[in-house]
1. Over 19 Å from the mean Cα position of the chain (by Cα), closer than 20 Å to His250 by Cβ and hydrophobic (A, V, I, L, M, F, W, C): is that true of Val212 in this structure?
2. On the basis of being outside the structural domain of Thr252 (by TED's automatic domain parsing), at pLDDT 90 or above and either outside any loop (DSSP other than H, G, I, E, B) or surrounded by 15 or more Cβ atoms within 10 Å (Cβ to Cβ) (or both), does Ala135 make the cut?
3. Give me the pairs, please: first residue somewhere in segment 220-235 and surrounded by 16 or more Cβ atoms within 10 Å (Cβ to Cβ) and modelled with pLDDT of 85 or more, second residue anywhere and among the charged types (D, E, K, R) and not in a strand (DSSP E or B), beta-carbon distance under 6 Å, and either six or more positions apart or on two chains.
4. Quick one: is Ala187 exposed (fewer than 14 other Cβ atoms within 10 Å of the Cβ) and touching a strand residue (DSSP E or B) at 6+ places or on another chain (Cβ under 9 Å)?
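The values are calculated or read from the model by the stated rules, or taken from the named source; none is laboratory data. Everything numeric in this text was worked out from a predicted model, so none of it was measured. Here the Cβ positions follow ideal geometry from the backbone for every residue, glycine too, while neighbour counts run over all protein chains shown.
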Amino acid sequence: MFRKLRSIVGKLWCTLAHRSVMWPVHGYYTCRRCGRCYPAFAETPLRAAATLMLAAALALLASPAHAAGKPNRPASAEAEAVLARFIAAAESAPWATESIEIHASLPKLEKTGQLKAIRELASPSQSSFAVLERAGDRTVEEQVIARYLTVNGRAPAGPAASAAITPANYKFTYKGFIDDGEYFAYAFAISPRHKREGLIKGELWLDPLTAVPVHESGRLVKSPLASVRHVSITREFNVRDGVVASRLTHITCKERRVGKAELVVEELPVAPPAGE
C-alpha cells in the first residue's frame, strides 16, 4: 500500500514540478529529470481531485528549492564566457561507436517504421551502420529511414569542421536567460555564415555551469536531398555529471512524393569492450 501511494505521489510531483519531457520513444514520453515514463497518447490518470488538493502544497515545497539553486540573472559578459567554453570544446571527437534507434512516420499515409542499429565512425568524413532490427512499413523504411541513414553516413554523428557550431560557421546573438522551472540555460540565436549542408538557423541553449548544450532547434538552411524540403530539427541532450549521456532528436520535413515525414532518433554512446 505504501509503495503504491509513494508511486502516485511521485508521479504527481513529476507532473507538477518537472517540465522537461522528452520526445516520445516506444510510444512513451520520458521525464528528463526523474526518468518516469508516461504513455504518449493516453490521458494522465492523475488529473482528478487529488491533483487539485495536492497541487498547492507541492508547489509551495518546490518553489523554495528551485529558487535556491537559481543563480543571479547573468550579464551578457557571463553568458559570453560560457559560450567561449562551449566553442573551445565544440570540435571534440564524436562518439566512435553509438547505438541508434529511429522511429519514423508518414502521417498522411498513416504508416510507421522503426530501426535499431550500431553506428561506427569509419573516418572523419564517413560513418557506417550495422542494422540490428527493423520493423514497420516498407515505404517508411525506403522513403524516410534509408534516406536519413544515407545522409548521416556521409558525416560523423558529432560536429564536423564544416558543420560545427563555431564562430567560423555561425554568428551568435545572446537572447537571454532561460528559466523554464526545470533547469537554467543561456539562450543564443545561431545564424549560419554560409548556406551549407548541415547548418541550421535557430537557437542553442547552454548549461550555465558546464557550458554543455541542453537544447538545439532550428531549420536547415540547405536541404541534404533535392526531394526533401523544410527540414526542422529539435535536439534535446541528456546531461549527466557535466557530460552528454544521450541525444534525442526530432526531425520534421516534407518529401516531394509522400508528404510530411517525422523522425525521432535516439542516440547513446557504446563503450568499447574491456581491454581495447
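1. It is false that Val212 is over 19 Å from the mean Cα position of the chain (by Cα), closer than 20 Å to His250 by Cβ and hydrophobic (A, V, I, L, M, F, W, C).
2. no
3. The qualifying pairs are Val221/Lys195.
4. no
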